[in-house]
């Protein structure tokens, strides 16, 4: 691949670099504009005068978000959800993908299970039956309602199956000759060489749990149990209910657009912090898991 790039026509290389730069700017500039809006004053935002740098800079939007005990409580709920959800997702994804990656000779019922998995990926029972199941299990208003319904992400399972299929069978055979059972083979042989694929599905799981607000709306009837995204989505500013003069003045200086921008910025920061640590595995893991068959 490197030799192909080096030997490429100079015009083609320029075109590729221009396209890459344009794609980068298309992702980066909106984010920079959102950050600038979140720090800008109400008049500048309302006049659409904010570009890539804040105007009439202030922290009113962030004070509204951060000066609230419920905000931090919801933040901790989201952190707990991500940790529990990630552990459950990874455990079930790996333990399901490993046997399904074997041949029909090793696992005769493989085709039956694969049909169930594909069917579950393409079709679902719907929101109402899912809510009824969660409600009948007494899981509403608990952290388990946020992590158990999505405990087995089928797309991630398929990625791991394809990655495990790409591992040479000679390693499996050598482990069996040495007396290793399937669990020992998985833990000692497969997982250490599957870091790219594991990082990929882990990133999918983290992003999915962190960004999901709809589950909180469905399963939580108490605002105190809202995860961060649900809490931010539900935030409203009703100036008519504010009696304190200083507080009213502060909220009056904050436009709805800057407030919404602050929500987006705050909810994006944790993912921006996590992604660089997984990025080096992400592309190779996604590619290998998608094309191996």
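Read-outs throughout are calculated quantities, based only on the coordinates presented, and are distinct from any laboratory measurement. Just so we're clear, the structure is a prediction, and the values are computed from it rather than from any experiment. Note that each Cβ is placed from the backbone with ideal geometry, even for glycine, and that neighbours are counted across all protein chains shown.
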Seminar exercise, completed: Kirkwood radius from Cα pairs of the range 1-58 plugged into Stokes-Einstein at 25 °C, 0.890 mPa s, gives D in µm²/s equal to 179
Exercise. Among 181-192, 106-117, what's the highest-first ranking by average C-beta atoms within 10 angstrom per residue?
Worked result: 181-192, 106-117
